[in-house]
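**Q** Okay, handing you the structure first.
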Amino acid sequence: MNLPEALAKAKEAELDLIEISPKAQPPVCRIMDYGKYVYLQEKKARESKKAHKIELREIRISIGISQHDLELKAKKAAQFLKEGDRVKIDLFLKGRAKYLGKEFLQERLNRLLHLIPEKYKVVDGPKKGPRGISIITEKEK
């Protein structure tokens with residue numbers, strides 16, 4: 001359909017003539033409300049952003065955690081990594097435990113890290129906070 005005919009049809013229907021793909025030969029146009037078209041484009045953009053959003057999941061462990069509990073936490077961390085999320089592992093320290101040696105605390109964190117079956121990389125190294133030590137990991141690409 002040529003341009004004057006398309007414009008006449010759009011005017012008759014009291015809608016707009018919107019060029020969808022200008023690079024196509026001939027260009028593809030649609031007769032519809034321009035406001036609705038803009039809304040649909042923004043909605044598509046929002047949906048695509050949601051699909052690629054990476055979440056930060058958190059796992060808390062303490063110094064005296066049992067081996068079985070460590071295995072369960074590692075399994076959960078692997079599941080989060082498989083989904084594409086980042087995992088923050090917190091070694092929760094209470095009372096005097098906050099003043100234990102850095103190597104000892106690092107070894108406690110490594111016990112969990114060695115049990116994770118999924119391939120990962122440490123994004124943010126061990127950081128000491130007011131409640132303990134934390135590491136952030138993500139799936140290796």
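**Q** With the structure loaded, tell me whether ILE59 is under 30 Å from LEU109 (Cβ atoms), in contact with a helix residue (DSSP H, G or I) (Cβ under 9 Å, 6 or more places away or on another chain) and at pLDDT below 90 or whether it fails that test.
**A** Values: under 30 Å from LEU109 (Cβ atoms): yes; in contact with a helix residue (DSSP H, G or I) (Cβ under 9 Å, 6 or more places away or on another chain): yes; at pLDDT below 90: no.
So ILE59 fails the test.
**Q** Would you please name the residue that is nearest to THR137 (Cα to Cα), looking only at residues in the stretch 92-126 that are more than 23 Å from the chain's Cα centre (by Cα) and not in a helix (DSSP H, G or I)?
**A** The residue in question is PHE92.
Here's the yes/no breakdown for (1) on the phi > 0 side of the Ramachandran plot; (2) assigned by TED's automatic domain parsing to the domain that holds VAL122; (3) charged (D, E, K, R):
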position	(1), (2), (3)
ASP16	no, no, yes
ILE61	no, yes, no
PHE80	no, yes, no
ARG96	no, yes, yes
PHE104	no, yes, no
ARG108	no, yes, yes
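**Q** If I ask for residues that are surrounded by 13 or more Cβ atoms within 10 Å (Cβ to Cβ), touching an Asp or Glu at 6+ places or on another chain (Cβ under 9 Å) and not β-branched (Val, Ile, Thr), which ones from the stretch 125-140 would you list? Spell out how you get there, then give the answer.
**A** Within the stretch 125-140, the first condition is being surrounded by 13 or more Cβ atoms within 10 Å (Cβ to Cβ), and the residues that meet it are 126, 128, 131-139.
Narrowing the set further to residues that are touching an Asp or Glu at 6+ places or on another chain (Cβ under 9 Å) leaves 131-139.
Hits for the stretch 125-140 are ARG131, GLY132, SER134, GLU138, LYS139.
**Q** Could you give me the residue pairs with C-beta distances under 6 Å whose first residue belongs to the stretch 113-141 and is closer than 14 Å to ILE61 by Cα, whose second residue is assigned to a loop (DSSP other than H, G, I, E, B) and modelled with pLDDT of 85 or more wherever it lies, and which are 6+ apart or on separate chains?
**A** Taking only residues 6 or more apart or on different chains, the pairs are GLY132/LEU93.
**Q** Among the residues of the stretch 34-74 satisfying the criterion of being more than 16 Å from the chain's Cα centre (by Cα), β-branched (Val, Ile, Thr) and within 22 Å of LYS119 (Cα to Cα), which is surrounded by the most Cβ atoms within 10 Å (Cβ to Cβ)?
**A** ILE61
**Q** Answer yes or no as to whether ILE89 is crowded, with 16+ Cβ neighbours inside 10 Å, in a strand (DSSP E or B), modelled with pLDDT of 90 or more and in contact with a strand residue (DSSP E or B) (Cβ under 8 Å, 6 or more places away or on another chain). Show your work before the answer.
**A** Numbers: crowded, with 16+ Cβ neighbours inside 10 Å: yes; in a strand (DSSP E or B): yes; modelled with pLDDT of 90 or more: yes; in contact with a strand residue (DSSP E or B) (Cβ under 8 Å, 6 or more places away or on another chain): yes.
Yes; evaluated as a whole, the condition is true for this residue.
**Q** Give me the residue from the stretch 1-60 that is basic (Lys, Arg) and part of a loop (DSSP other than H, G, I, E, B) and, out of that set, nearest to ILE135 (Cα to Cα). If you could, list the steps in order and put the result at the bottom.
**A** At the first step, the residues of the stretch 1-60 found to be basic (Lys, Arg) are 9, 11, 23, 30, 36, 43-44, 46, 49-50, 53, 57, 60.
In the following step, the residues that additionally are part of a loop (DSSP other than H, G, I, E, B) were identified as 23, 53.
Working: LYS23: 49, LYS53: 20 Å.
Filtering the stretch 1-60 for residues that are basic (Lys, Arg) and part of a loop (DSSP other than H, G, I, E, B), the one nearest to ILE135 (Cα to Cα) comes out as LYS53.
**Q** Out of ALA10, ALA6, ALA77, which single residue is of a type in the set (Gly, Ala, Ser), in contact with a Ser or Thr (Cβ under 9 Å, 6 or more places away or on another chain) and surrounded by 11 or more Cβ atoms within 10 Å (Cβ to Cβ)? Working first, answer last.
**A** Working: ALA10 fails: in contact with a Ser or Thr (Cβ under 9 Å, 6 or more places away or on another chain); ALA6 fails: in contact with a Ser or Thr (Cβ under 9 Å, 6 or more places away or on another chain).
ALA77 is the lone residue from the list that is of a type in the set (Gly, Ala, Ser), in contact with a Ser or Thr (Cβ under 9 Å, 6 or more places away or on another chain) and surrounded by 11 or more Cβ atoms within 10 Å (Cβ to Cβ).
The values are calculated or read from the model by the stated rules, or taken from the named source; none is laboratory data. In this text the structure is predicted, and so the values were computed from the model without any measurement. Note: ideal-geometry Cβ built from the backbone for every residue, glycine included; neighbour counts use all protein chains shown.
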